[in-house]
Amino acid sequence: MTDYLVTPAAGRKGIPAISQLFVIGLMLALVGCGGGSSTTATTTTNPLSLVTAPGAPTGVTASGGNTTAAIRFTPPTNNGGAAITSYAVTSTPGNITAKSTASPISVTGLTNGTAYTFKVTATNSAGTGTASNASNSVTPSANPPASGATTAVGNYIADHLTPGFVGSWAITPASAVVASESTLVATATANTYNNTYVEKLLAGTTWGTNPTPWFGACYDLIPTGWLQCPSTGTWVDSGDGSTIILTNTGEPALAVTMVSTSLAGTPITCTSPTTGLVVTCSVPGNYPAGAVSFTQTYGSDWYSLCGFAYCTALTDSSGAALTALPSVGATGPTFCDTDNFSVLQPINPAPAPGSNNYNVFSTASCLASDIASAITTSAVGTVLVSIQSTGNTVVPTVLRLSATGTLAWMNNYIYGVRAGNVWYGWMTPNGTVGNNEENKIAINAELVANGITPLP
């Protein structure tokens, strides 16, 4: 008979199989000896602990750097009965190895320009388990592409590395067709890119650079106050494809997580540029292969004010431009938001605290006569106007709107003071969607569906 060594828990020596059976048999015999008519049940814990090598790690992914790669994985669900003490990564080709006690593991000494895959093993007191499935293939380089290339961030950056990424398009109030366009250029620092933003304008059937940008016409709140939105910046991929750190020139860094959604095969919806209502497309159809949308979620509160050429300061009920934030409450003044064709009038008597406290009336303009006429009609809805602390020492507060239902489009609108007047803007709270963009394939499909010349 051949003896087999059973590896027990830490601190216990192995016992040959035949001795193990003897001990177990003796224990059972002792438990079975009652010695009388009254038998007391006895619970015996087996002192022998069977430990095996752990299972294989799963979900192994790799992202390349400069002669390096970062390997990420999920620990095996089966640890073999003992704590896993280390993980090892091995490359193919080269059999270059690296060890660590947790994910991720950095592998160094790779050759730039060579494609590698990687497998991971786990080790406990019983030994090393079987290797994982191979990771995706990565090619280290002195100026690597975005890591996590199969993730939303990776796809987003890859699209921007193609000159002329188009994020969105619109028909302006002046009936001009414009599209936002940005391009990334990789720097000498891994996963770091310089971004340049331009805006395209359709003149007849020809697209060219818009001399008076519409999309980028805004002011962002930074520690020194309101800054006109810059057209350049730096993007840094977190290294695992989960987050981009956006640092627009002159602004604080903003962490952005992203979700990408394939639009391929889904119907294109067309809307009226004047009413926003869904209309029949000029050329009905579905999105083609490769059409993708990107939803961005901001990692901190972000405040912006309107800076478009058509933006107009808020007024009081006489049509005079406001120079300070109006007081909020039942005795506060009626004021007018020209950009959104809305008159806001306090509800009196005041509702319960925290309830919608302003009626909103539709108006043709913020002339005194139009305001007076508007408030004699039925309100289109109500909103809650509250004082919002920004945490900024220069601009400590703004007014924030909370709205649902027919006025949901006004939710998180803000009113802030800049250059001696009050302007409308928008707030993106931490953890909420701050931007939606699409790649050029999707944008061009929408333009064609709307009967508009696609981008070159």
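Reported count of residues in region 309-359, each being outside any loop (DSSP other than H, G, I, E, B) and aromatic (Phe, Trp, Tyr), is 2. The C-beta contact set for region 413-439 (first residue assigned to a strand (DSSP E or B), second residue open to solvent by 10 Å² or more (accessible area, probe 1.4 Å) and acidic (Asp, Glu), distance under 7 angstrom, 6+ apart or interchain) comprises Tyr424/Asp339; Met427/Asp301.
From the list Pro429, Pro396, exactly one residue is more than 24 Å from the chain's Cα centre (by Cα) and not β-branched (Val, Ile, Thr). Which is it? Spell out how you get there, then give the answer.
On the way: Pro429 fails: more than 24 Å from the chain's Cα centre (by Cα).
Exactly one of Pro429, Pro396 is more than 24 Å from the chain's Cα centre (by Cα) and not β-branched (Val, Ile, Thr), namely Pro396.
I'd like the full set of residues that are touching a residue at least 12 places away in the same chain (Cβ under 8 Å) and open to solvent by 50 Å² or more (accessible area, probe 1.4 Å), limited to region 390-410. Gly391, Thr393, Val394, Thr397, Arg400, Gly405, Thr406, listed by residue number. Pairs meeting the criteria (first residue in region 221-237 and in contact (Cβ under 8 Å) with a residue 24 or more places away in the chain and more than 15 Å from Tyr303 (Cα to Cα), second residue open to solvent by 50 Å² or more (accessible area, probe 1.4 Å) and assigned to a loop (DSSP other than H, G, I, E, B), beta carbons under 7 Å, at least 6 apart or on different chains) are Thr232/Thr249; Gly233/Thr249. Within region 376-385, which residues are open to solvent by 40 Å² or more (accessible area, probe 1.4 Å) and either in contact (Cβ under 8 Å) with a residue 40 or more places away in the chain or touching a helix residue (DSSP H, G or I) at 6+ places or on another chain (Cβ under 9 Å) (or both)? Passing the criteria: Val380, Thr382. Out of the residues in region 120-136 meeting the condition of being assigned to a loop (DSSP other than H, G, I, E, B) and open to solvent by less than 20 Å² (accessible area, probe 1.4 Å), tell me which one is modelled with the lowest pLDDT. In this case the residue turns out to be Ser135. Screening Thr428, Thr404 for residues that are closer than 30 Å to Asp159 by Cα and of a type in the set (Val, Ile, Thr) leaves exactly one candidate, Thr428.
What residue, of Ala53, Ala62, is hydrophobic (A, V, I, L, M, F, W, C) and either at pLDDT 85 or above or not in a strand (DSSP E or B) (or both)?
Working: Ala62 fails: either at pLDDT 85 or above or not in a strand (DSSP E or B) (or both).
The conditions single out Ala53.
Which one is modelled with the lowest pLDDT among residues in region 137-146 that are more than 20 Å from Thr58 (Cβ to Cβ) and not hydrophobic (A, V, I, L, M, F, W, C)? Lay out the reasoning, then the answer.
Let us first name the residues in region 137-146 that are more than 20 Å from Thr58 (Cβ to Cβ), namely 139-146.
Next cut, not hydrophobic (A, V, I, L, M, F, W, C) only: 139-141, 143-145.
Working: Thr139: 76, Pro140: 78, Ser141: 71, Asn143: 55, Pro144: 49, Pro145: 46.
Among those residues, the one meeting the criterion is Pro145.
Note on region 195-225: among residues that are out of contact with any Ser or Thr (no Cβ under 9 Å at 6 or more places or on another chain) and not polar (S, T, N, Q), the one that is surrounded by the fewest Cβ atoms within 10 Å (Cβ to Cβ) is Pro211.
Here are some conditions: (1) surrounded by 13 or more Cβ atoms within 10 Å (Cβ to Cβ); (2) among the hydrophobic types (A, V, I, L, M, F, W, C); (3) modelled with pLDDT of 85 or more; (4) closer than 22 Å to Ser141 by Cα. Ala115 meets all but one. Which one does it not meet? Just one mismatch for Ala115, condition (1). For region 292-305, the candidate set comprises residues that are at pLDDT 90 or above and of a type in the set (A, V, I, L, M, F, W, C); within that set, the residue that is surrounded by the most Cβ atoms within 10 Å (Cβ to Cβ) is Leu305. Among the residues of region 361-410, those that are assigned to a helix (DSSP H, G or I), modelled with pLDDT of 95 or more and more than 15 Å from Pro346 (Cβ to Cβ) comprise Ala368, Ser369, Asp370, Ala372, Ser373.
Scanning region 161-175 for residues that are open to solvent by 30 Å² or more (accessible area, probe 1.4 Å) and not in a strand (DSSP E or B), we see that the one that is modelled with the lowest pLDDT is Pro173. Of the residues Thr334, Thr338, Thr363, the single one that is open to solvent by 30 Å² or more (accessible area, probe 1.4 Å), in contact (Cβ under 8 Å) with a residue 24 or more places away in the chain and of a type in the set (Val, Ile, Thr) is Thr338.
No other residue among Asn450, Asn444, Asn357 is buried (at least 20 other Cβ atoms within 10 Å of the Cβ) and closer than 19 Å to Trp169 by Cα apart from Asn444.
If you check Ala179, Ala158, Ala203 for being under 24 Å from the mean Cα position of the chain (by Cα), farther than 22 Å from Tyr303 by Cα, modelled with pLDDT of 85 or more and not basic (Lys, Arg), only one passes: Ala179.
Within region 237-278, work out how many residues are modelled with pLDDT under 90, among the aliphatic types (A, V, I, L, M) and surrounded by 13 or more Cβ atoms within 10 Å (Cβ to Cβ). Of the residues in region 237-278, 9 are modelled with pLDDT under 90, among the aliphatic types (A, V, I, L, M) and surrounded by 13 or more Cβ atoms within 10 Å (Cβ to Cβ). Just one of the numbered conditions (1) assigned to a strand (DSSP E or B); (2) over 19 Å from Ser304 (Cβ atoms); (3) in contact with a Phe, Trp or Tyr (Cβ under 7 Å, 6 or more places away or on another chain) is not true of Ile244: (2).
The values are calculated or read from the model by the stated rules, or taken from the named source; none is laboratory data. Small disclaimer: the values here were computed from a predicted structure and weren't measured. Ideal geometry is used to build each Cβ from the backbone, glycine not excepted, and the neighbour counts take in all protein chains shown. We work out accessible area using only protein heavy atoms, side chains counted, and drop any ligands, DNA or RNA first. Shrake-Rupley method; radii C 1.70, N 1.55, O 1.52, S 1.80 Å.
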